[in-house]
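Encoded as structure tokens, the structure appears first; notes follow it.
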Amino acid sequence: MGALERIRAGGTFVPLSLTESVLPSRVERSRETPWRELTRRQCDVLALISEGKSNKLIADELTMTESTVKAHVKQIIKRLHVANRTQAALIASRASWQSARH
């Protein structure tokens, strides 16, 4: 009804389904630039993961608890749409996280 009223008043109407295909999906955008999905602290954790550091060493370096690191790792894996921390580390190393972090 709102579309008909808008057209009757001289306006235009474009169905949402026509505009959705033009815009990349959230998953596609995150694959193009996966780091945009991460917080600054998650980026710090990911940089250390890509250096091969354990959760304990990451916690010590970033002065946080291991459980906080685990929570960050879980969110990193979810936001990057990967299966494990190794895949996340590969993405980080390809994106040169180490140089971006320092």
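The values are calculated or read from the model by the stated rules, or taken from the named source; none is laboratory data. These numbers come from a predicted model, not from an experiment. Cβ: placed from backbone, ideal geometry, glycine included. Neighbour counts: every protein chain shown. The accessibility values were calculated without ligands, DNA or RNA, using every heavy atom of the protein model including side chains. Shrake-Rupley method; radii C 1.70, N 1.55, O 1.52, S 1.80 Å.
Model label sites at Glu66 and Lys78, defined 7 Å from Cα along the beta-carbon direction, differ in position by 2.2 nm.
Of the listed residues Glu66, Glu5, the order by accessible area with a 1.4 Å probe, largest first, is Glu5, Glu66.
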